[in-house]
Amino acid sequence: MRAFPILSRPNSLPAKTTSVFKNALSYDQPSPESHFISLIHASKKPQHLQQIHTQIILHNLSSNSRIITQFISSCSLHKSVNYALSIFRQFVDPNLFVFNALIRGLAENSQFESSISHFVLILRSNIQPDRLTLPYVLKSVAGLVDCYLGRVIHGVIVKIGMEFDSFVRVSLVDMYVKVELLGCALQMFDESPERNKLGSILLWNVLINGCCRVGDLKKATELFEAMPKRNVGSWNSLINGFMRDGEVDRARELFDHMPEKNVVSWTTMVTGYSQNGHHEKALSMFSKMLEMGVKPNDLTVVSALSACAKIGALEAGVQIRKYLSSNGFRLNKAIGTALVDMYAKCGNVESASRVFGMTKEKDLRTWSVMIWGWAIHGCFQQAFEYLDKMKSKGVKPDGVVFLAILTACSHSGQVDKGLSFFDSMRLDYSIEPTTKHYALIVDLLGRAEAKARKEKEKHKTCMGQQEKDTIP
């Protein structure tokens with residue numbers, strides 16, 4: 001098995017406790033353990049956990065495995081996985097519960113290699129993993145898309161006699177699906193003694209989803225029809241498979257025959273229509289969803305706004321924004337970016353700029369769509385200004401951003417600036433130009449040459465007129 005480096009320890013020390021926690025801890029408690037666990041569960045942010053940790057140390061409870069298990073879980077929940085690691089390293093002789101909390105937290109925070117390395121540490125410590133350890137280890141294998149490692153972990157599972165545990169079995173099938181070993185997933189499924197029982201729906205759904213992922217819709221349909229019992233997830237998986245394969249009519253037929261639908265069902269249809277270029281159908285489905293009283297999620301909204309952007313449906317986009325405002329939707333990164341994109345592509349760059357300013361969480365795509373908005377509307381100065389702002393925020397431009405900037409240079413005839421940006425893209429950011437970048441440079445030079453030729457002809461015309469005027 002390959003080596004998995006363990007993350008380095010953070011250097012930060014826990015913050016001082018506030019008066020709130022001092023007061024809370026001053027009362028007599030029948031069980032300090034229960035009290036601290038309640039405080040941990042009630043914490044709202046990482047700073048609270050640091051304050052609690054200080055009190056845990058002061059009360060000589062830092063060796064209590066139940067408290068530390070809950071503490072590590074809460075750290076991971078608050079995305080403070082490095083802090084969780086530092087707590088784990090300070091804990092002497094961790095038991096399986098502590099290990100499980102850490103491995104789960106690492107897997108949930110996409111620290112897959114570290115999750116695997118701590119699983120190896122469990123084995124080296126002669127602690128036998130259980131049905132709560134293995135699903136998160138298998139999730140980490142899937143996240144790494146490592147076929148060899150998956151087989152090794154499967155071998156360990158067989159060796160410790162956990163292969164036929166229903167919870168572990170589903171995770172094994174899911175892992176093989178995600179590392180694209182569908183044959184192994186099907187074999188695991190066929191060898192599962194539980195597959196024909198009513199409680200095995202999740203196992204069937206995982207495999208159907210796997211068949212859809214690799215485009216084997218025939219096998220996915222066979223499994224769907226052979227299921228002893230289906231739930232809404234079974235229908236959603238197959239509908240999504242047909243949408244991904246471009247078979248929108250088959251997907252719609254399934255959707256119409258569903259005995260019950262949830263928000264995922266509607267979102268799959270809206271997103272599927274939009275991704276397959278049926279933008280008006282996507283908006284019609286979104287409208288019908290609202291009429292049926294189903295509240296959309298962020299993905300539904302983003303897909304609907306994307307459909308508006310593709311067909312220039314500004315009025316529909318404005319109505320969606322009004323719905324968001326009146327129904328308590330937060331202007332987060334995903335929705336903010338989708339709104340900026342919609343307004344820009346529908347011709348209202350001023351509204352795009354206002355929404356951009358109101359969006360507190362911005363990533364590369366948010367900046368990218370705003371810079372594109374300025375570029376396609378001929379506002380080249382604003383495009384350059386926003387590029388500078390983006391870089392000042394520590395966000396590195398990518399090839400798409402440079403396409404927007406080169407477009408702005410081309411439309412404004414700024415040859416030297418365009419060539420300078422092109423060189424910066426290659427030399428400063430190590431971005432390899434694509435044919436689109438080269439096409440824009442050719443267009444930029446072509447426009448400049450045409451402009452120079454026009455100026456030359458104009459100059460000739462003026463000179464000729466002057467000569468005529470001077471002849472007696």
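The values are calculated or read from the model by the stated rules, or taken from the named source; none is laboratory data. All figures in this text were calculated on a predicted structure; none of them were measured in a lab. Positions of Cβ are generated from backbone atoms using ideal geometry, with glycine treated the same way; all protein chains shown enter the neighbour counts.
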In the stretch 390-401, anything surrounded by fewer than 23 Cβ atoms within 10 Å (Cβ to Cβ), touching a residue at least 12 places away in the same chain (Cβ under 8 Å) and in a helix (DSSP H, G or I) is listed as Met390, Gly399, Val400
**Asked** Is it true that Val137 is touching a Phe, Trp or Tyr at 6+ places or on another chain (Cβ under 7 Å) and more than 18 Å from Val156 (Cα to Cα)?
**Response** no
Taking the stretch 101-110 and the residues there that are surrounded by fewer than 23 Cβ atoms within 10 Å (Cβ to Cβ) and out of contact with any Phe, Trp or Tyr (no Cβ under 8 Å at 6 or more places or on another chain), the one that is nearest to Phe88 (Cα to Cα) would be Asn109
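Is it true that Leu149 is aliphatic (A, V, I, L, M) and outside the structural domain of Pro94 (by TED's automatic domain parsing)?
Details: aliphatic (A, V, I, L, M): yes; outside the structural domain of Pro94 (by TED's automatic domain parsing): yes.
It is true that Leu149 is aliphatic (A, V, I, L, M) and outside the structural domain of Pro94 (by TED's automatic domain parsing).
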Pairing a residue in the stretch 368-380 that is under 18 Å from Lys391 (Cα atoms) with any residue that is in a loop (DSSP other than H, G, I, E, B) and among the acidic types (Asp, Glu), where Cβ atoms lie under 9 Å and the two sit 6 or more apart in sequence or on different chains, gives Ser368/Asp398
- request: May I ask you to verify whether Tyr136 is in contact with a helix residue (DSSP H, G or I) (Cβ under 7 Å, 6 or more places away or on another chain), crowded, with 16+ Cβ neighbours inside 10 Å, touching a residue at least 40 places away in the same chain (Cβ under 8 Å) and of a type in the set (Ser, Thr, Tyr)?
  value: no
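Just for helices (runs of 4 or more DSSP H) wholly inside the stretch 228-279: which have at least 1 residues that are under 23 Å from the mean Cα position of the chain (by Cα) and in contact (Cβ under 8 Å) with a residue 24 or more places away in the chain?
Numbers: elements: 232-244, 248-257, 263-275.
Of the helices (runs of 4 or more DSSP H) lying wholly inside the stretch 228-279, those with at least 1 residues that are under 23 Å from the mean Cα position of the chain (by Cα) and in contact (Cβ under 8 Å) with a residue 24 or more places away in the chain span 232-244, 263-275.
Which residues, counting only those in the stretch 280-336, are assigned to a loop (DSSP other than H, G, I, E, B) and of a type in the set (A, V, I, L, M)?
At the first step, the residues of the stretch 280-336 found to be assigned to a loop (DSSP other than H, G, I, E, B) are 292-297, 312-313, 327-332.
Correct list: Met292, Val294, Ala313, Leu331.
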Filter the stretch 420-443 for residues that are polar (S, T, N, Q) and assigned to a loop (DSSP other than H, G, I, E, B); the one that is nearest to Val400 (Cα to Cα) is Thr434
Over the stretch 99-109, the set of residues among the polar types (S, T, N, Q) and within 22 Å of the chain's Cα centre (by Cα) is Asn109
- Item | Verdict on Lys333 being closer than 24 Å to Asp363 by Cβ, basic (Lys, Arg) and buried (at least 21 other Cβ atoms within 10 Å of the Cβ) | no
The stretch 126-212: helices (runs of 4 or more DSSP H) wholly inside it with 1 or more residues that are under 30 Å from Phe242 (Cβ atoms) and β-branched (Val, Ile, Thr) are 134-144, 166-178
